[in-house]
Amino acid sequence: MSKTTTSAPEGQDNDQDLGAAGSQLSTAPREETANLPALGVVGWIRWFWRQLTSMRVALLLLLLLSLAAIPGSLIPQTGIDAMKVEDFRERHTTLAPVYDKLGLFNVYSSVWFSAIYILLFVSLIGCIVPRTWQFVGQLRGRPPAAPKRLTRLPAHTTWRTGAKPEEVREAALELLKKRRFRAHLAGDAVAAEKGYLREVGNLAFHIALIVMLIAFGWGQLFKSEGNKLVVEGDGFANTLSQYDDFKSGSLFSNDDLEPFSFDLKNFTGTYEASGPNRGTPRIYEADLTYSAGAYGKERSTTVKVNEPLEIGDAKVYLVSHGYAPVVTVRDGKGKIVYQDAVPLLPLDGNVTSSGVVKVMDGYKDAKGKSEQLGFNLFFLPTYGGGTMLSQFPALVNPMLAVSAYHGDLGVDSGIPQSVYQLDKKHLKEFKDDKGELLKKQLKPGDTLTLPNGAGSITFEREVREWAGFQMVQEPGGGWALGGAVIAILGLSASLFVQRRRVWVRATEGPDGVTVVEMAGLGRSESAKVPEELGDLAETLYDKAPGAPDADDPSESPVPAEGSEQQ
Amino acid sequence: MTLAAATNENLANLSNTLIYSAMAVYTVAFFAYIAEWLFGSRSKVARTAAALTPEKAAAKAGPAVTVKKAGGTAVLERPRVTVRAQGGARDVPDGPGAHGGSEKGDLYGRIAISLTVLAFLLEFGGVLSRALSVERAPWGNMYEFNITLTTVAVGTYLVLLALKKNVRWIGLFLTTTVLLDLGLAVTVLYTASDQLVPALHSYWLYIHVSTAIFCGAVFYLAAVSTVIYLFRDSYETKLARGGQPGRFASSVLERLPAAASLDKFSYRINAAAFPLWTFTIVAGAIWAGDAWGRYWGWDPKEVWSFITWVAYACYLHARATAGWKGRKAAYLALGAFACWLFNYYGVNIFVSGKHSYADVGLGALQAVGF
Ligand code: HEM
């Protein structure tokens, strides 16, 4: 390492007096003062465009983007939790309409949010295209020739040598090329530049941002997402009619659904048995057999919470779980009119669940008249005695509470009905001895007998489990990921690589001795430039060793901390 | 099974003991740092003024200053590199550090650093035994997140010290906040050790959360440097204008690095952490894609990670744009760090979202760090 000397600054901004040599060390546009254009539409458009693609406006738009994203995290969003939005509307009757007008319940698809990021990306494209051009030009050209006075550069060194000027330049050219500088001889000096990767990285990063935005937008437009509850032993085929609920992006068409089907063989859930987190799931997985395509080969797999099944563009996620007790309903003559596993919806963390049984046809009452039956079910996987809340999510002491109705379920009216609720408008309660709603708590194997020979309902000794699956197709994920990877790599190159120039001038001094001058130029953040220059100078010095000096009295050694920091 | 449980229990208790011990040692270190500053205040250093007052600067402009680095072995003198301050930056030397050149102060400073090392080892042990007790990475809840965060921040500080970077002056600020943070962790945020819910079982958790912790620790160091930069910068401006700063301000600020050094330090750290923060968000998106069926859903935590990211991008942009360097850029950096802080504490405490695991149907495990 050679010695470093610090001298007081003279010029204010050395970019100005370096001319071409200092230019284009980056392709960042120069800041212009906002001169208002002369009149004329074209003038105004050009002015507007120049403003939009300036770094200042880019910065402003970025700031705006971060501010605009804030309200969406504090105000409930329809796209995330529609229930919360409804709740908010009920509680804030004056505020809600204002929020509605401002799009505050849909911040990320609102006009103003879109306007900001679209402007930002227009600005980005308007910035990237000329910068790429300019950079290609720089790659085609050569590093600019040495400025007249190398002493004005931020890092500079000089010595006298016995070697011939041509020899020094030759050696310098070789050295710089070996250090992977782009170097060439221009006049009496070698001009070299290194670190183009910085610019490549920066451009790649900004382009990757555009790719990510497009991929994200594409994904939203062609996205589809639906849920299906499957009881152990049952299956699912990926067609629209099979979904419990389904939503899709505006350009999605039903043909886009990936063809596949699967059967749920078994669901396994185990839970923490003690401690403060008692009841939190430990193992939580579903064993499936599935086949891709219409006639695909059948395969087995296990789907876990963080490990969806991927079939083509589609992913199958395990999102929920519950119990489906097997229930048998008989008529007065003992004929089975209903026997099935009834999936119940969990109400709390310990899977206290509720649901209904609807016996729609095949049932005749004691008098032989056709009627419909309805049962409300309330299920506790672990009944602790006392409260009607489950004590633990696993099946430890199952209990099924049943209440019974008869009459018209209202299913034939054509109005869509929840499969988890009874519409009691045309239903009559079965009554017990005291004239109250007939209900009973059943253990597995127990039966509730309906009054007056109306039949019975039995809780069989079998409780199946069901798993809720979410099927998601979101094209463009690969592009988004690719863009993200390029963005990170590009960003790292952009921030860690220094772009810098080195000049080596060798001329014959007035006394016939060769004077070598070296100078380095980087951007203001690069502390490595003087260091590297010293290193280069030292290597070159070995090839062109110093000649006895015509004493240089202008500098005397004094320790200085300033030049050594970090 | 019961044996394993007992081992885990013991490890968990050991972890708590180690964390409390670390806090005790940090407290002693804190007082040692204070002693360093106090003894340092007696020395009279005024190099900033010397460099900035007109007469002195004129005197200085004559002979250049030479720094002897690795001693040259050549007979003839080796070439010397002359460096000029760029872009009109002030040419001010760094302060001598908290001890202000006083030997006694320096001694206390060294004691403080040794204590910090000890506390770091204890805390590291605490984090490690916590991890062993739960048989997973110790990043499942806010408590674990906090003890890891402070460990990483102190570790980074010690590594920078070992690399001979000019960071010794951060010591007092760092131990102060570490103590506050640990105090918060053991009182408000404490969670008994336990395993994770399945939604958190993913190697992306380890990747995402570990980089998030690292970024936080590093952003924090940069933020401290930025705040000090703002003070030191006004101090230098005042001196350059011929003003006379107050005695306390001069005593403290005089001993800190020059504004330009502080600015550069925080820039470097922020710039180095930014790609990693980008990676953290991408890793989180991949994890969300696996766990929730969408890689980006504008969940509050995601929103604030995004805001933090854009804010740091603003800061980097600002530095590349003329007219926004220096103080303005520093305010942006602080704003960005405020976003990070809000994402870490605020979102968990004030805003409910998917990251609280209440609505995944898997039982409630509140306030998971990320
Ligand atoms: C989508 C929003 C944008 C983001 C997130 C973003 C982010 C960044 C980041 C992080 C850097 C720092 C890298 C470095 O210092 O080398 C950077 C540099 C840069 N950005 Fe952007 N940018 C965005 C939009 C734009 C726009 C619209 C323009 C043009 C008007 C632009 C022009 C530049 C330029 C010229 C640099 C390099 C400055 C230099 O050479 O140091 N960026 N950008």
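The values are calculated or read from the model by the stated rules, or taken from the named source; none is laboratory data. The model shown is predicted, which means the values in this text are computed figures rather than measured ones. Here Cβ is always computed from backbone atoms with ideal geometry, including for glycine, and neighbour counts include all displayed protein chains. To get the accessible areas, we keep the full protein, side chains included, count just its heavy atoms, and leave off ligands, DNA and RNA. Shrake-Rupley method; radii C 1.70, N 1.55, O 1.52, S 1.80 Å.
In vacuum, with every alpha carbon of segment B:141-182 counted as one equal point scatterer, what does the Debye formula give for log10 I(q)/I(0) at q = 0.15, 0.21, 0.28 Å⁻¹? Two decimals, please.
-0.37, -0.65, -0.94
Over all residues in B:296-308, what is the mean tally of Cβ atoms on other chains that come within 10 Å of each residue's Cβ?
Details: counts 7, 4, 9, 4, 5, 1, 2, 9, 3, 0, 4, 8, 1.
For this peptide, the per-residue mean of nearby foreign Cβ atoms is 4.
Can you list the HN-Hα couplings for segment A:279-291, worked out from phi with the Karplus curve (6.51, -1.76, 1.60; θ = phi - 60°), rounded to whole Hz and with x for Gly and Pro?
Values per residue, Gly and Pro as x: x, 6, x, 10, 9, 7, 8, 10, 8, 10, 10, 9, 9 Hz.
Which pairs in the list B:LYS238/B:LYS264; A:LYS358/A:LYS424; A:LYS148/A:LYS177; A:LYS367/A:LYS428 are over 19 Å apart, alpha-carbon to alpha-carbon? Provide the component values of the computation, followed by the final result.
Working: B:LYS238/B:LYS264 21 Å; A:LYS358/A:LYS424 12 Å; A:LYS148/A:LYS177 23 Å; A:LYS367/A:LYS428 17 Å.
In this structure, B:LYS238/B:LYS264; A:LYS148/A:LYS177 exceed 19 Å between Cα atoms.
Viscosity 0.890 mPa s, temperature 25 °C: give me the Stokes-Einstein translational D for chain A in µm²/s, with Rh taken as the Kirkwood radius over C-alpha pairs.
Details: Rh = 31.6 Å.
For these conditions, the coefficient is 78 µm²/s.
Considering segment A:270-350, what Rg and Dmax in Å follow from its alpha-carbon atoms?
Every Cα atom of segment A:270-350 included, Rg and Dmax give 18.3, 53 Å.
Take chain A, mark every one of the GluC sites (Glu not before Pro) that falls in a DSSP loop and has at most 14 other Cβ within 10 Å, then report the longest stretch left between them, sites excluded. Spell out each step's value before the answer.
Values: sites that count: A:GLU10, A:GLU31, A:GLU32, A:GLU298, A:GLU436.
Counting only loop sites that pass the neighbour cut-off, the longest clear stretch is A:33-297.
Taking amide H positions as placed in the peptide plane 1.01 Å from N, state which residues far from B:TYR190 in sequence (5 or more) or on other chains have amide H under 5 Å from it.
When sequence neighbours closer than 5 places are left aside, there are no close amide H contacts.
Between the alpha-carbon centers of segment B:103-154 and segment B:279-314, tell me the distance in whole angstrom.
Each part reduced to its Cα centre gives a spacing of 28 Å.
Cα centroids of segment A:78-132 and segment B:199-270: how far apart, whole angstrom?
Cα centres, segment A:78-132 to segment B:199-270: 34 Å.
Return the value, in Å² to the nearest 100, of accessible area buried between chains B and A (probe 1.4 Å, both sides summed).
Values: alone 19030 and 32490 Å², together 42900 Å².
Using a 1.4 Å probe, the pair buries roughly 8600 Å².
Just to check I understand the Karplus step: with θ = phi - 60° and J = 6.51 cos²θ - 1.76 cosθ + 1.60, what whole-Hz values come out for segment A:157-162, glycine and proline as x?
Coupling constants for segment A:157-162: 8, 8, 7, 9, 9, x Hz.
Using each residue's phi in segment A:327-337, evaluate 6.51 cos²θ - 1.76 cosθ + 1.60 at θ = phi - 60° and report the 3J(HN,Hα) Karplus result to the nearest Hz, with x for Gly and Pro.
Values per residue, Gly and Pro as x: 10, 10, 10, 10, 8, x, 8, x, 6, 6, 9 Hz.
In segment A:374-471, which trypsin sites (Lys or Arg not before Pro) are in a loop and have at most 12 other Cβ atoms within 10 Å, using DSSP for the loop call? Please report the intermediate quantities before stating the final value.
Numbers: sites: A:LYS424, A:LYS425, A:LYS428, A:LYS431, A:LYS434, A:LYS439, A:LYS440, A:ARG461, A:ARG464; in loops: A:LYS434.
Sparse-neighbourhood loop trypsin sites (Lys or Arg not before Pro): A:LYS434.
Check which residues have an amide H placed less than 5 Å from A:THR280's amide H, if you skip close sequence neighbours.
Here the answer is A:GLU272, since their amide H atoms fall under 5 Å of that of A:THR280.
Average partner chain C-beta neighbours within 10 Å, per residue of A:72-80?
Working: counts 4, 16, 5, 0, 1, 5, 0, 2, 6.
Counting other chains' Cβ atoms within 10 Å and averaging over A:72-80 gives 4.
When only C-alpha pairs under 8 Å and at least 6 residues apart count, what is the relative contact order of segment A:266-305, in percent?
Relative CO of segment A:266-305 lands at 33 percent.
Quick one, could you list the DSSP H helices from chain A stretching 20 Å or more along their long axis (Cα atoms) with average Kyte-Doolittle hydropathy of 0.0 or above?
On the way: long enough: A:55-69 (21 Å, 2.44); A:111-140 (43 Å, 1.30); A:196-222 (39 Å, 1.30); A:477-496 (28 Å, 1.69); A:528-543 (23 Å, -0.74).
Counting only whole DSSP H runs, the qualifying helices are A:55-69, A:111-140, A:196-222, A:477-496.
List the residues whose amide H sits under 5 Å from the amide H of A:LEU373, counting only those 5 or more places along or on another chain, with H placed 1.01 Å from N in the peptide plane.
A:VAL359
At a threshold of 8 angstrom on Cα-Cα distance, excluding pairs fewer than six apart, so keeping six or more, what relative contact order does chain A reach in percent? Write down the numbers at each step before the final one.
Numbers: 1046 pairs, mean separation 107.8, N = 566.
Computed over chain A, the figure is 19 percent.
Return the whole-Å distance between the Cα centroid of segment A:373-450 and the Cα centroid of segment A:200-214.
Spelled out, the Cα-based centre of one part sits 59 Å from the other.
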